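K.L.:
Before I ask anything, let me first share the structure, which is written out below as structure tokens.
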Amino acid sequence: MASPALSDVRLLPGVLAAPTSYLFFTGKGGVGKTSCAAASAVALADAGRRVLIVSTDPASNLAEVFAMPEPTSSTPVPVPGVPGLDVVDVDPSAAAAQYRERVVGPYRGLLPADAVASIEEELSGSCTVEVAAFNEFVTLLTSEDISRTYDHVIFDTAPTGHTLRLLALPAAWTGFLETNTAGITCVGPVSALGHAQEAYAASLAALRDADRTTVVLVARAERSSLDEAARASRELAQLGMTSQRLILNGVLTNPADGDPVAHARHEREAVAVNALPTELAQAASVDTVPLLARAPMGIDALRAALTGASATHSSPAVAAPDLDALRDLVAELAQGEPCIVMTMGKGGVGKTTIAAALALALADRGLPVTLSTTDPAAHVHDVLPDPPANLLITRIDPAVETAAWTEHVLATAGSGMDDDAHDLLAEDLRSPCTEEVAVFHAFARTVAEASGRFVVIDTAPTGHTLLLLKSSQSFARRAATSGDHTDDAASSLFESLADPHRTRIILVALPEATPVHEALSLQADLARADLHPWTWVANASLAATATTDPVLRARSADEGRWLAEIADASPRRPAVVPWLPDVPAGADALRRLVG
């Protein structure tokens, strides 16, 4: 397909009118950040600009959106068919390996082998992964070579909570390094970080400069999505990132007459847009992207979307397989011993709703149930504000847990220290990594309290969950090596998660390409850690409705292949939940979801 000129582009007029050097696309998981970022990158490159698009999402799918034959890498590679456009993925694991070697390398041959091994073990945790990925991000943001080579750098970021943490890190680490006098941090010596302090300050300045940086908030025309975008807007403004634009993605503009599903969706979206949060109404521009009959995958489809058209494809139709209902999962869970049930998957696929529905259905059978969440953007109480007495709802709040963990460490490890050592410990606990450790221990405590109860845990979007699980594996390895089982909840966590009789992992996905493929990637990552899902849930399926709207019917017809992939991947026959006119909230609505 020929490249449309920028003047012919009908999509994203606000974002593409006067783009700054750095563009950050962020929002709740599953809202189409990657598609919008990729379409913007193609439009700018087609207009003759040099563009680099960067994914900071641990579950990146840029290669799939561009239909690239080879995976992307941590160094820029050209996007085939789009002159001027390069793509790079920040690989957290590879960045962590390089970071560890930079820290440990100088000590090889100088220290005994067991001392070097000890340093390597200290740097094996999730904190190191996050800081290493952060350093890669800072490098891309402040590199003179990058700024000389490219007119625009577009960041396709992880779901909101993870992004806010990433963007807050320059300020957090800059402040921490300015006050750290101990010379040691949880991710190695200050000398390993101190050289980057100037870069941290420079990145902070770039992020706050409205002439250089724009935040593009991407949301669906749904209340929960808009609420999260508004939260992100507020927190980014507090960080000094005030140049913000909004994209309302996937809006059904012309519902077919006589189709109750299409009219329900159209009405739901209109109500949400009419109640646009104040922060979002103040955005510099609001671009509305219509729902397309097919998701824009591949360069031709992205270019078609930019002109307002939907791409065609010749893939043969695949019949949707027969799947279970959610009540079948509940019946099987209730027949077994109390266990941990974890819902996992890409953000925005409905993990919280599915977790709440399962917890309520188990409680309705008279079973003792705890419903908890590790998601910083959790809205469990909104979904189930009226739980029965035998259903306890808890939440792992990062701020609360960090404060409690800091107090605990100072009261225990710091109790016998002199004033200087105590001050140094307090200083170390101000590190941004303390939050990750505190959340991990709260998660372990929640799992340990599962004895005799069903504990249903709604996890954060995929990348954040993987960091949590890697922490549990690292802690178990460290406890086994040292023989220190002081914190039994933490040291036994991984054993509990790996036992299929004690933990049932449920992968939740929408029957669409990206959510399914990201869930498949998550399943592979879990398998490498010897963790295995129990089953899958395909949520909000249009194929399970009787829609007659042309756009919705085209999308429901495409679901067959993704439902078949889910059935093939799931160890147990998966369940399917139909798209519903109303967002399930409250006990009665959740009961209707289970059936």
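The values are calculated or read from the model by the stated rules, or taken from the named source; none is laboratory data. A quick note: this is a predicted structure, and the numbers were derived from the prediction, not measured. Here Cβ is always computed from backbone atoms with ideal geometry, including for glycine, and neighbour counts include all displayed protein chains. Surface accessibility is based on the protein's heavy atoms, side chains included, excluding ligands, DNA and RNA. Shrake-Rupley method; radii C 1.70, N 1.55, O 1.52, S 1.80 Å.
K.L.:
Evaluate the following for A544: is it at pLDDT below 95, outside any helix (DSSP H, G or I), buried (at least 17 other Cβ atoms within 10 Å of the Cβ) and of a type in the set (A, V, I, L, M, F, W, C)?
P.N.:
yes
K.L.:
Going by the structure shown, is D300 without any contact (Cβ under 8 Å) to a residue 24 or more places away in the chain, over 19 Å from V216 (Cβ atoms) and open to solvent by 40 Å² or more (accessible area, probe 1.4 Å)?
P.N.:
no
K.L.:
Restricting to region 557-595, count the residues that are in a helix (DSSP H, G or I), among the charged types (D, E, K, R) and under 21 Å from E518 (Cβ atoms). Outline the logic, then answer.
P.N.:
From region 557-595, those in a helix (DSSP H, G or I) are 557-569, 587-594; that's our starting set.
Filter once more, keeping what is among the charged types (D, E, K, R): 558-559, 561, 565, 568, 588, 591-592.
If we keep only those that are under 21 Å from E518 (Cβ atoms) too, we end up with 558-559, 561, 565, 568.
Number satisfying all stated conditions: 5.
K.L.:
Only residues in region 37-51 that are closer than 16 Å to S147 by Cα and open to solvent by 10 Å² or more (accessible area, probe 1.4 Å) count as the first member; pair them with residues that are part of a helix (DSSP H, G or I) and not aliphatic (A, V, I, L, M), Cβ under 7 angstrom, at least 6 apart or cross-chain, and list the lot.
P.N.:
From residues that are closer than 16 Å to S147 by Cα and open to solvent by 10 Å² or more (accessible area, probe 1.4 Å), the pairs are R50/T149.
To keep it simple, each residue is scored yes or no on (1) of a type outside the set (F, W, Y); (2) touching a Phe, Trp or Tyr at 6+ places or on another chain (Cβ under 8 Å); (3) farther than 24 Å from S35 by Cβ.
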position: L552; (1), (2), (3): yes, no, no
position: R572; (1), (2), (3): yes, yes, yes
position: D588; (1), (2), (3): yes, no, yes
position: V594; (1), (2), (3): yes, no, yes
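K.L.:
Please tell me if L204 is modelled with pLDDT under 95, open to solvent by 20 Å² or more (accessible area, probe 1.4 Å) and in contact with a helix residue (DSSP H, G or I) (Cβ under 6 Å, 6 or more places away or on another chain).
P.N.:
yes
K.L.:
Considering region 215-245 alone, what residues qualify as being open to solvent by less than 50 Å² (accessible area, probe 1.4 Å), more than 26 Å from T353 (Cα to Cα) and either of a type in the set (S, T, N, Q) or touching a residue at least 40 places away in the same chain (Cβ under 8 Å) (or both)?
P.N.:
Passing the criteria: V215, V216, L236, A237, L239, M241, S243, Q244.
K.L.:
Here's something else I'd like to know. With respect to the numbered conditions (1) part of a loop (DSSP other than H, G, I, E, B); (2) in contact with a Gly (Cβ under 8 Å, 6 or more places away or on another chain); (3) of a type outside the set (G, A, S); (4) within 25 Å of W579 (Cα to Cα), which one is the sole condition not fulfilled by P338?
P.N.:
Checking P338 against (1) part of a loop (DSSP other than H, G, I, E, B); (2) in contact with a Gly (Cβ under 8 Å, 6 or more places away or on another chain); (3) of a type outside the set (G, A, S); (4) within 25 Å of W579 (Cα to Cα), the one that fails is (4).
K.L.:
Continuing with the same structure: Could you list, in sequence order, all residues of region 148-158 that are in contact with a helix residue (DSSP H, G or I) (Cβ under 9 Å, 6 or more places away or on another chain) and surrounded by 17 or more Cβ atoms within 10 Å (Cβ to Cβ)?
P.N.:
Restricting attention to region 148-158, the residues satisfying the condition of being in contact with a helix residue (DSSP H, G or I) (Cβ under 9 Å, 6 or more places away or on another chain) are 151-158.
Result: H152, V153, I154, F155, D156, T157, A158.
K.L.:
Further question: Look at region 253-289 and say how many of its residues are crowded, with 17+ Cβ neighbours inside 10 Å and within 17 Å of A554 (Cβ to Cβ).
P.N.:
Selection size over region 253-289: 8.
K.L.:
Checking the condition in a helix (DSSP H, G or I) and within 22 Å of L391 (Cβ to Cβ), which residue from T370, T343, T353 passes?
P.N.:
It is T353.
K.L.:
Next question. I'd like to know if region 54-70 contains one or more residues that are modelled with pLDDT of 90 or more and either in a loop (DSSP other than H, G, I, E, B) or surrounded by fewer than 18 Cβ atoms within 10 Å (Cβ to Cβ) (or both).
P.N.:
Yes; the residues of region 54-70 include at least one that is modelled with pLDDT of 90 or more and either in a loop (DSSP other than H, G, I, E, B) or surrounded by fewer than 18 Cβ atoms within 10 Å (Cβ to Cβ) (or both).
K.L.:
Being assigned to a loop (DSSP other than H, G, I, E, B), touching a Lys or Arg at 6+ places or on another chain (Cβ under 8 Å) and charged (D, E, K, R), is that true of even one residue in region 21-41?
P.N.:
yes
K.L.:
When you scan region 517-536, do you find a residue that is modelled with pLDDT of 90 or more, charged (D, E, K, R) and either under 30 Å from P385 (Cβ atoms) or buried (at least 21 other Cβ atoms within 10 Å of the Cβ) (or both), even just one? Give the steps one after another, and end with the answer.
P.N.:
The initial filter retains those residues of region 517-536 that are modelled with pLDDT of 90 or more, namely 533-536.
Restricting the remaining residues to those that are charged (D, E, K, R) gives none.
No, region 517-536 contains no residue that is modelled with pLDDT of 90 or more, charged (D, E, K, R) and either under 30 Å from P385 (Cβ atoms) or buried (at least 21 other Cβ atoms within 10 Å of the Cβ) (or both).
K.L.:
Within region 128-171, count every residue that is modelled with pLDDT of 85 or more and either over 18 Å from D89 (Cα atoms) or among the hydrophobic types (A, V, I, L, M, F, W, C) (or both).
P.N.:
Selection size over region 128-171: 7.
K.L.:
Here is a further query. If I filter region 393-422 down to residues being under 27 Å from the mean Cα position of the chain (by Cα), outside any helix (DSSP H, G or I) and free of Cβ contacts under 8 Å to residues at least 40 places away in the same chain, which single residue comes out as farthest from H441 (Cα to Cα)?
P.N.:
The extreme case among them is I393.
K.L.:
L248 is checked against (1) out of contact with any Gly (no Cβ under 7 Å at 6 or more places or on another chain); (2) surrounded by fewer than 20 Cβ atoms within 10 Å (Cβ to Cβ) and fails just one. What number does that condition carry?
P.N.:
(2)
K.L.:
Restricting to region 571-586, name every residue that is surrounded by fewer than 21 Cβ atoms within 10 Å (Cβ to Cβ), farther than 25 Å from A262 by Cα and either touching a residue at least 60 places away in the same chain (Cβ under 8 Å) or touching a Leu at 6+ places or on another chain (Cβ under 9 Å) (or both).
P.N.:
R572, R573, listed by residue number.
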